Amino acid sequence: MSPIPGSGLAKGLAVTLRTMTRKTVTAQYPDTQPELPPRSRGVIGLFEENCTVCMLCARECPDWCIYIDSHKETSPPAAPGGRERSRNVLDRFAIDFSLCMYCGICIEVCPFDALFWSPEFEYAETDIHELTHERDKLREWMWTVPEPPALDPGAEEPKEIAAARKAADKLAALRAQEQREQADGKNLADGKNQADEKGGTP
């Protein structure tokens, strides 16, 4: 049986009419910012206070797009007779995002939690040379890093928090014991003074 002439046009118009009556789902960027998932790989933020210049991120980067410069500083001994200590001081930390393939290896291998994923993605440049962002810009992106997701209520407490809590409880117990001993000593002294006043001659 041959199709009715114009049936294809009618079907197409029906689809158009159905679509016209629905609410639009298109977000008008940049007027409306997209809601990105918390683990979006937008850009890498640097928390430089945690960076010890171990160079692990730069060595493990498959694209060699991380540039780190540092120098050593020597600090005097903490106690007389001690030895001087040297530490690495970060001078430059830059990432060339024109080379970066967003694999996240640098973030995973960082032993001191100095690198984080940020969902920020608006950092396009007209010149490819300006896609090498220095540590000041990487530090600014740290403010856009979302908080880590909450732990499962039945999950085991992280070892770092458990150790810190144990140390805090121990310190609080020591302080409470010292206060009790001081209070007991004061009570003994007050009782002795009262006994001396009662047994003394006028």
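Computed with every protein chain present, the accessible area of MET55 is close to 70 Å² [probe 1.4 Å].
A 1.4 Å probe over all protein chains sorts LEU17, LEU171 by accessible area into LEU17, LEU171, starting with the largest. Extension gain, LYS166 to VAL15, is 47.8 nm, computed as 0.36 nm per intervening residue step minus the present C-alpha separation. Over the chain, dividing the summed -39,500 (n - 2.57) contributions of all DSSP H runs of at least 4 residues by the number of residues returns a 222 nm mean residue ellipticity of -11500 deg cm²/dmol. Treating r as the C-beta distance of PHE47 and LEU174 and R0 as 30 Å, the FRET efficiency rounds to 0.35.
Lysine pairs in the chain whose alpha-carbon atoms fall under 27 angstrom of each other, counting only those eight or more residues apart or on distinct chains, come to 5. Overall dimensions of the chain, expressed as equivalent-ellipsoid semi-axes from the Cα gyration tensor (√(5λ), whole Å, largest first), are 64, 33, 15.
The values are calculated or read from the model by the stated rules, or taken from the named source; none is laboratory data. From a predicted model like this one, the values you see are computed outputs, not experimental measurements. All Cβ positions, even for glycine, are placed from backbone atoms using ideal geometry, and neighbour counts span all protein chains on display. When the accessible area is computed, the model is the full protein with side chains, heavy atoms only, and any ligands, DNA or RNA have been set aside. Shrake-Rupley method; radii C 1.70, N 1.55, O 1.52, S 1.80 Å.
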